[in-house]
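Notes for the one structure printed next.
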Amino acid sequence: MAGRSYTYSAYLVADKIDLASYRKEYPNKIISASSSELYYLLAEDQFMFILNYGVVVFSNMKQGDMQWEINRIITYSSHAKHSPVEDDLKVEYTDEKQILIGFNEIKIGQFDHNVNKMVMMNLAQTVAIDHYSILGEQILSSINTHTDLMRRKGRVLLSKRKALQFIGTTLSAKNTIAQHLYIMDSPDVAWENEFLDQLHKQLVKHFELASRYKALETTLQIVGDNLDVYLSYNNHRESSRLEWIIIILIVIEVIDTLLSKVI
C-alpha cells in the first residue's frame, strides 16, 4: 500500500436514498450494509459508499462510471438534485503508522475497509454541510426580501403557508444533520479504535466541519427567529380579522333587531 494514492469524489444527489430497495436489487459486491449506509467493492480499489441522506462517494472511478452509478441510484431516491453538490479528495496511503493531514496533502499510514469508509463518510459530510448551507442562505435571502419590505413599507406579504413551508424545510435540515452527521462526536466504529478516532477528528478539522456546522446552525437559527415573527404577525392579523367579523355580525344583528321593532 506504500505510496498508493486514492481519489475520492462525493456527490449529494437527492434528499433521501431508499437503501433497502437498492440493496435488494443490487446485493452483489456489498462489503457492509446497514439501514443508513451501503458499502460496495465494485472492482479492485474501486469503492462506492451510499448514505441514506442522499450522498454517494466513489473512490478511483472514472467520471463516466460514476455518472452511470448515480443515474441508477437516483431511481431509488426522492427529490433528486439537478445540480448535485460535489467535492473531491486525494489521499496517499503509506506504510508509516501515522496520520498526516495538511493543507495540501493527506497521508494515512493504514488502509482497510474501516479507514476507507471513515474517509468517505467525512467527505460525504462536507458535501451535506455545503448543501444545507446553500439551502439555508437561500431561505434567509428569501426572508430578507420580506424583512426589507416590512422595514420600508410596514407590510408583510409572506403568507402563513409559505412561512410554514420554510419552517418545514429548516426543521428537515436540522433533523437530517442531527441524525446522520458526526460533527461533534465520533461514529460508533471509532469508539474502540484509537486510530479511527484520531483519523475522524483530524478529518473533521481538515474539512472545518465544526466551524461550518456552527455557521449553518446560526443561519438556521436566524431563519427560525424571523419565521417566528412572521407567524406571530400572521396569527395576530387573523385574530384581528376574526374580531372585526364578529363586531360586524353583532352590528348587523343589532340593526336587524331595531328594524324589526320599528316595522
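Taking every DSSP beta bridge that has both residues in the chain, what percent is antiparallel when rounded to the nearest 5?
Given both bridge residues lie in the chain, the antiparallel proportion sits at roughly 95 percent.
Starting from the Cα gyration tensor of the chain, multiply each eigenvalue by 5, take the square root, and state the resulting semi-axes largest first in whole Å.
Rounded to whole Å, the semi-axes are 53, 20, 15.
For the chain, which whole-number percentage of the solvent-accessible area (1.4 Å probe, protein heavy atoms only) is attributable to carbon and sulfur atoms?
Summing carbon and sulfur atoms, their accessible area is 53 percent of the total for the chain.
Going by amide H atoms built from the backbone, whose H comes under 5 Å of the H on Ala14, apart from near neighbours?
The answer is Lys81.
Hey, how much of the P(r) for the stretch 77-130 falls beyond 14 Å, as a percent of Cα pairs?
63 percent
Highest mean first, how do 4-12, 106-114 rank when packing is the count of other Cβ atoms within 10 Å averaged over residues?
Highest to lowest by the protection proxy: 4-12, 106-114.
Check each of the GluC sites (Glu not before Pro) in the stretch 51-127 and keep only those in coil by DSSP with at most 14 other C-beta atoms within 10 angstrom; list them in order.
Glu96, Glu105
The values are calculated or read from the model by the stated rules, or taken from the named source; none is laboratory data. If you're wondering where the values come from, they're calculated on a predicted model, not measured in any experiment. For neighbour counting, all protein chains shown are included, and Cβ atoms are generated from backbone atoms with ideal geometry for every residue, glycine included. The area values use the complete protein model at the heavy-atom level, side chains included, leaving out ligands, DNA and RNA. Shrake-Rupley method; radii C 1.70, N 1.55, O 1.52, S 1.80 Å.
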